[in-house]
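The block underneath contains the structure these notes are about, expressed in structure tokens.
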Amino acid sequence: MSWQTQQRALFLPLAVLVLVLLVAAAAPYQANAQPASPAEPTAADDDDTCADPSLDGACRNVPKALRLKLIAIPTILVASIIGVCLPLFSRAVPALRPDRNLFVIVKAFASGVILATGYMHVLPDSFSNLTSPCLPRKPWADFSFTTFVAMLAALFTLMVDSLMLTFYNRRKGGNTTSSSGRRTGAAVADHESPAHDGHHWHSHGHGHGHGHGGIVVAGDKPEDEEESTKVQLRRNRVVVQVLEMGIIVHSVVIGLGMGASQNVCTIRPLVAAMCFHQLFEGMGLGGCILQAEYGAKMKAGLVFFFSTTTPFGIALGLALTKVYRENSPTALIVVGLLNAASAGLLHYMALVELLAADFMGPKLQGSVRLQLLSFLAVLLGAGGMSIMAKWA
């Protein structure tokens, strides 16, 4: 199977995932298309907490909210495109090429942004949804569904990550035996070895490998080093696919929420916060796309999905404004579970595939100064996104 065929095979599920998420997220709004009659008040109508927030409040202004949302669609779209495309054009700037220290620092900043997105934006939203007083106490108040689903999502991401890498290696002959007498698939474990001279090394990367005294040494032969490079490239491509899925889940949910809301006090700061959010999150994804070395068509497809998912979610929310009720039980459950799954996926990708892989790799392990600068960049990225959690 050619690499182009494999690209299409991975790109199709990504497109299907977007459609499934949009349908799933829109389902609760459709389910509430028939509002309760004024003559037949329900328990939720008697409870101010669970009442439809669009029925009252000084912040409700339908025309102004519509203008803000129409401004938000192109603004967030442009911010997303700029963010994800900046790393892709960084090769034109010598200091920002992937082999330079500045690129490592910028990538660490973007990884911190993705980490904070999961912990400070997505996970709290899921807790808020699934612990809402508008839901029945049993089973939602008796069990921590948010953390449970996030844990399962992280484990599922690990399984998908591992199986996709196995698929790539088999298709590319990664399980064949090299002239040195061992399977070249072992390059998964030792592609990040900081030395090739037989010294002890310990690598935490995408395959946690241990080697002592030359028992497992990477790069003994040129063909082994070449195979190791190919394996790393395949891993980078798996990372991009999985990370894009997690970001899309979050983007669909937040776009629908913004598009269906009529609260001007909520939308106004959210537009600015989402622009910065998409800008920095796009930089993290763009850096991964750059390292994956995709062709022009695949890059364009990934940029398109990332850039348009949130604006399209806002547009879909606009279409569902008349039937939207954010405190309905169905909406709370669907959105809460989607957020929990997205949080688990983003946590795994940020910590394991991005931060751990870089900090335990040879480049950062070989320079304490670069490590400290990268740590500072991670803290700045995570701290900035944490502050933005106040509005988005």
Mind ranking T75, T131, T117 by accessible surface for me, highest first, 1.4 Å probe?
T131, T75, T117
Would you work out which of L337, G295, A272 lies farthest towards the positive end of the dipole of segment 248-392? Charges go on Cβ: Lys and Arg +1, Asp and Glu -1.
A272
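Please label the shape of segment 338-386 as rounded, prolate or oblate, based on the square roots a ≥ b ≥ c of the eigenvalues of the alpha-carbon gyration tensor (a/c under 1.5 means rounded; beyond that, a/b larger than b/c means prolate, else oblate). Before the final figure, lay out the partial values.
On the way: a/c = 6.08, a/b = 1.69, b/c = 3.60.
It comes out oblate by the Cα gyration axes.
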What is the extension gain from A356 to D99, computed as 0.36 nm multiplied by their sequence separation minus the C-alpha to C-alpha distance, in nm to one decimal?
90.7 nm
Given a Förster distance of 51 angstrom, what is the FRET efficiency for L370 paired with K322, based on the Cβ-Cβ distance and rounded to 0.05?
0.40
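Pull out the extension gain between L66 and F167, defined as 0.36 nm times the separation in residues minus the alpha carbon to alpha carbon distance; nm, one decimal.
Numbers: separation 101, 0.36 × 101 = 36.36 nm, distance 4.67 nm.
That works out to 31.7 nm of additional length.
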Could you go through segment 238-250 in sequence order and give the Karplus-derived ³J(HN,Hα) for each residue, using 6.51 cos²θ - 1.76 cosθ + 1.60 with θ = phi - 60°, rounded to whole Hz, and x for Gly and Pro?
5, 4, 4, 4, 5, 5, 4, 4, x, 5, 5, 4, 5
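The values are calculated or read from the model by the stated rules, or taken from the named source; none is laboratory data. This is a predicted model, so every value here is computed, not measured. Ideal geometry is used to build each Cβ from the backbone, glycine not excepted, and the neighbour counts take in all protein chains shown. Note: areas computed on protein heavy atoms with side chains; ligands, DNA, RNA excluded. Shrake-Rupley method; radii C 1.70, N 1.55, O 1.52, S 1.80 Å.
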